[in-house]
Amino acid sequence: MRTSIKPLARKARLTLTTAAAVSVMLLASGCSGSQAPAGNASGAPAESASAAPAASGAPERSDADLVIWANGPVVQALQPIADKFGEENGITVEVQTVATELQTNFVTANASGNGPDIVMGAHDWIGNLVQNGAIDPVQITAEQKKEFLPVATDAVTYNGQTYGMPASVESLVLIRNKALAPKEPATFEELLAAGEAAVTAGKAERALNLQVGPKGDAYFMQPLYSSAGGYLFGKKADGSFDPSDLGVGKEGSIAAAKKIAALGEKGSRILSTSVSSDNSIALFNQGKTAFMVNGPWALGDVKKAGIDYAISPVPGFAGMKPAQPFTGVQSFYVASKGKNKSFAETFVQAVASQKETQRALYEAVFIPPANASLIEEVAKNSPETKIAADAAAVGIPMPALPQMAAVWAPLGQAEAAIAGGADPTATMTQAGKTIAGALK
């Protein structure tokens, strides 16, 4: 895997915070307990489309007949595919880079009628984009659905409709320094035993890097939270998330909180608020940490550091549920106010879904493709891709609900406090009350 994987993959993961910020306005309008931030955080127009503010950092729409917005190395990978589509249909197609705040800029530009016809981004944008009226449903045929990992099509399904064409999948994995921990652990307890043995032997300074940070990181804590029985939102009969069933503060989350406390500053000290997104990878790459929970985007730096490593799914606690990280799915969306919607729909439905398109994207960023048979093909030369795809396949799709804006900060802060020594039951219970209050 190449170092170029890191910016795109990390950007995809960070949509849990950017999407949360973007969707705060939606929560404010639909949940009386929420407060919208100053200045229209969603980028949607306050009164009308004509009143929409200029999108900050967004390019001017080109004169091409069909315009696609994306970011990272996929832009260069998509352009030849777009050119071929244009030649076949007698139109011009341009893939434009939006380097920052792609979702916010898209919502703003689309509302004013100056946006792209297609945008590529994370699936957890969907709830916000749908509530803003920014995207149209996308048809995924029964035959196409058979080609995709089930988690990918589940992720792009919202309110019973599919809104995106899946392109790639990603989730957290366990990255192991083989010199310090030769054997893949089957349980989290085995992981800890191996890591602590390396520390005791003087070979390692830390058993595990799992980023917490002073403000917490619910995304990174999700494998442990889920293994202990915690959940964010329950599921409806059709498998979609149920915003009325909040799991934070309930029994499973309390069990998870107690596990976090046992691993924290007043327990085994495995989890520490001093390990954050700023230093987790760098500390591992010094060769003094046995294990690290991170994403495939970290592997470029790990390789550059010369670490003899292996990856595997994050293991769950012994006797408890399997660990389920959040799975993110990069997808193609059809803009609701695009200038050439018929060609946009054709491109997304017929071209973005093709195996060769997904192969080109994979070769650009080395994130596992959403196409199951393509995963098997590329795994012949990259076993890591198969392992990462398998981890994503059993993960939980990142909830695309706008209500997630009320969840991330309180839950992350509670987990950080618990790792730092706060009472697990009281702290997690209060987090549930805080979130529930914001959702009213």
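The values are calculated or read from the model by the stated rules, or taken from the named source; none is laboratory data. All values reported here derive from a predicted model rather than from experimental measurement. We place every Cβ from the backbone using ideal geometry, glycine too, and count neighbours over all the protein chains shown.
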Within the range 229-259, the residues that are within 19 Å of residue 412 (Cβ to Cβ) and in a loop (DSSP other than H, G, I, E, B) are 229, 230, 231, 232, 247, 248, 249, 250
Test residue 262 against the criterion of being crowded, with 20+ Cβ neighbours inside 10 Å and outside any loop (DSSP other than H, G, I, E, B), and give yes or no. no
Those residues of the range 310-320 which are in contact with a helix residue (DSSP H, G or I) (Cβ under 7 Å, 6 or more places away or on another chain), in a strand (DSSP E or B) and either surrounded by fewer than 20 Cβ atoms within 10 Å (Cβ to Cβ) or modelled with pLDDT under 95 (or both) amount to 312
Listed by first then second residue, the pairs whose first member lies in the range 391-409 and is in contact (Cβ under 8 Å) with a residue 12 or more places away in the chain and under 17 Å from residue 321 (Cα atoms), whose partner is outside any helix (DSSP H, G or I) and among the small types (Gly, Ala, Ser), with beta carbons under 7 Å and at least 6 positions apart or on separate chains, are 391/171; 392/171; 395/171
The residue that is modelled with the highest pLDDT, considering only those in the range 53-85 that are of a type in the set (Gly, Ala, Ser) and more than 20 Å from residue 343 (Cα to Cα), is 72
Selection over the range 194-206 where residues are of a type outside the set (Lys, Arg) and surrounded by fewer than 16 Cβ atoms within 10 Å (Cβ to Cβ) yields a count of 5
Filter the range 326-367 for residues that are within 20 Å of residue 64 (Cβ to Cβ) and hydroxyl-bearing (Ser, Thr, Tyr); the one that is surrounded by the fewest Cβ atoms within 10 Å (Cβ to Cβ) is 342
| request: Determine, yes or no, whether residue 433 is of a type in the set (Lys, Arg) and modelled with pLDDT under 95. | output: no
Reported set for the range 179-193 where residues are surrounded by fewer than 22 Cβ atoms within 10 Å (Cβ to Cβ), more than 18 Å from residue 388 (Cα to Cα) and among the hydrophobic types (A, V, I, L, M, F, W, C) is 179, 192, 193
Residues in the range 207-236 that are charged (D, E, K, R) and crowded, with 22+ Cβ neighbours inside 10 Å total 1
Within the range 86-105, of all residues that are in a helix (DSSP H, G or I) and in contact with a Leu (Cβ under 8 Å, 6 or more places away or on another chain), the one nearest to residue 333 (Cα to Cα) is 103
Within the range 56-76, restricting to residues that are out of contact with any strand residue (DSSP E or B) (no Cβ under 6 Å at 6 or more places or on another chain) and among the hydrophobic types (A, V, I, L, M, F, W, C), the one that is nearest to residue 165 (Cα to Cα) is 74
The lone condition residue 269 fails out of (1) in contact (Cβ under 8 Å) with a residue 24 or more places away in the chain; (2) out of contact with any strand residue (DSSP E or B) (no Cβ under 8 Å at 6 or more places or on another chain); (3) on the phi > 0 side of the Ramachandran plot is (1)
Q | residue 411 in the same structural domain as residue 148 (by TED's automatic domain parsing) and touching a helix residue (DSSP H, G or I) at 6+ places or on another chain (Cβ under 7 Å) | A | no
Going through the range 390-403 in order, the residues found to be in a helix (DSSP H, G or I) and surrounded by fewer than 24 Cβ atoms within 10 Å (Cβ to Cβ) are 390, 393
